[in-house]
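All remarks here apply to the structure that follows.
The values are calculated or read from the model by the stated rules, or taken from the named source; none is laboratory data. Computed from a predicted structure; not experimentally measured. Cβ atoms come from the backbone with ideal geometry, glycine included; neighbour counts cover every protein chain shown. Heads up: the accessible areas ignore ligands, DNA and RNA and are worked out on the full protein's heavy atoms, side chains in. Shrake-Rupley method; radii C 1.70, N 1.55, O 1.52, S 1.80 Å.
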Number of protein chains: 2
Amino acid sequence: MPDESERRELVLLLRRLSVELDAVSQRFAEEHGLGRTDVRALVAIMDAARRGEALTAGRLGEAVELRSASVTALVDRLERVGHVRRVRDPEDRRRVSLQLSDTARTAGAEHFGGLARDLIAALEGYTDEELAVVHRFLVDMTTTTMRHARETPPSS
Amino acid sequence: MPDESERRELVLLLRRLSVELDAVSQRFAEEHGLGRTDVRALVAIMDAARRGEALTAGRLGEAVELRSASVTALVDRLERVGHVRRVRDPEDRRRVSLQLSDTARTAGAEHFGGLARDLIAALEGYTDEELAVVHRFLVDMTTTTMRHARETPPSS
DNA sequence: GTCGATTATCTCGATCGTCGAGATACTAGG
DNA sequence: CCTAGTATCTCGACGATCGAGATAATCGAC
């Protein structure tokens, strides 16, 4: 097994990639006068919308790890600049579902969608077998990382 | 080219992985009573140390995208809890290089080193050819992402 | 209809980031 | 040497954000 150093380098490359992805979010924040948390929230809402479900304030708080008070202030900010709208759930009127405005949707599509398009384009030269390897790699990294993210496992 | 959807899913998996990696940092922050920015700074300092160079306050500000005044407050916080030390550069006494304390180094190694170890272990079942594919993938994704992170390219 | 549980909001204190001004130290030119 | 110019870091004040606890509105169960 002489490729220990190669595997180690892969992990470093992965961290570097994560840093660069973070920088993309940061640039989006700067361009639109938003904070780092605001972008995280918008991404969470967009992700939920992609899955077909409208996020409520509470769920958003769980997604971005914020207390309910901060979520209220957060939604206030986003609503003030016209990125989201508060919509009372008619079935359960305690709930407030968050709906993206068209401007936010297009802005997000412009920025992140453009990156996604380029990333997909960069994968054109890969064969099906290679894509399968990458898929396995991503799944393995994600599951391993999730174990650490949930809670520090007793390593002993 | 029937694998358009596969490539699209790979990008989604990559974003999900990025989110989970972020959650690891968040957990580290909670466990040690630090803010999100503080962790980013510590990681930047550790990365620089890994490359053999001691980060100055100014460079750290560039790395985490903060103004010099914020860097001062940031280093104040980290120094107060004993994670870094300010060291005047004897050659250029305007500069303040930041040195990690042993406690911070061990804490970081415990948390992120543990994750890195598990990630490397998860790659044991990969052949050299597969690792090469992953390497190419990571480089391609990083270069493509960096173009977007630097500045929004005129897409027209 | 009343009681407990859930959801979002409000208020307050503490923390974080930025702006402007200032202090210290290096560098170049006379 | 010494002055001006530049670079790096620090300090004080202000605005914005986050977390804890209390409050209001709504739902479900009895």
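Is it the case that residue B:137 is surrounded by 18 or more Cβ atoms within 10 Å (Cβ to Cβ) and facing chain A (nearest Cβ under 7 Å)? Full working, then the answer.
Numbers: surrounded by 18 or more Cβ atoms within 10 Å (Cβ to Cβ): yes; facing chain A (nearest Cβ under 7 Å): yes.
Answer is yes for this residue.
Pairs please, first residue from the stretch A:58-70 and over 19 Å from residue B:19 (Cβ atoms), second anywhere and in a helix (DSSP H, G or I) and open to solvent by less than 90 Å² (accessible area, probe 1.4 Å), Cβ atoms under 6 Å, 6+ apart in sequence or on different chains.
A:68/A:61
I need the full set of residues from the stretch A:37-69 which are outside any loop (DSSP other than H, G, I, E, B), surrounded by fewer than 16 Cβ atoms within 10 Å (Cβ to Cβ) and within 13 Å of another protein chain (Cβ to nearest Cβ), in order please.
Answer for the stretch A:37-69, where residues must be outside any loop (DSSP other than H, G, I, E, B), surrounded by fewer than 16 Cβ atoms within 10 Å (Cβ to Cβ) and within 13 Å of another protein chain (Cβ to nearest Cβ): A:50, A:62.
Can you tell me which residue among A:105, A:117, A:85 is within 14 Å of chain B (Cβ to nearest Cβ) and away from DNA strand D (no atom under 12 Å from the Cβ)?
Working: A:105 fails: within 14 Å of chain B (Cβ to nearest Cβ); A:85 fails: within 14 Å of chain B (Cβ to nearest Cβ).
That would be A:117, the only listed residue that is within 14 Å of chain B (Cβ to nearest Cβ) and away from DNA strand D (no atom under 12 Å from the Cβ).
In this structure, does residue A:9 turn out to be surrounded by fewer than 20 Cβ atoms within 10 Å (Cβ to Cβ), farther than 27 Å from residue A:100 by Cα, at pLDDT below 85 and among the charged types (D, E, K, R)?
no
Out of B:14, B:21, report the one residue that is within 12 Å of another protein chain (Cβ to nearest Cβ), away from DNA strand C (no atom under 16 Å from the Cβ) and touching a residue at least 40 places away in the same chain (Cβ under 8 Å).
B:14
Counting just the residues of the stretch B:73-96 that are near DNA strand C (Cβ under 10 Å from one of its atoms), assigned to a helix (DSSP H, G or I) and surrounded by fewer than 15 Cβ atoms within 10 Å (Cβ to Cβ), which one comes out farthest from the chain's Cα centre (by Cα)?
Only one residue tops the list, namely B:80.
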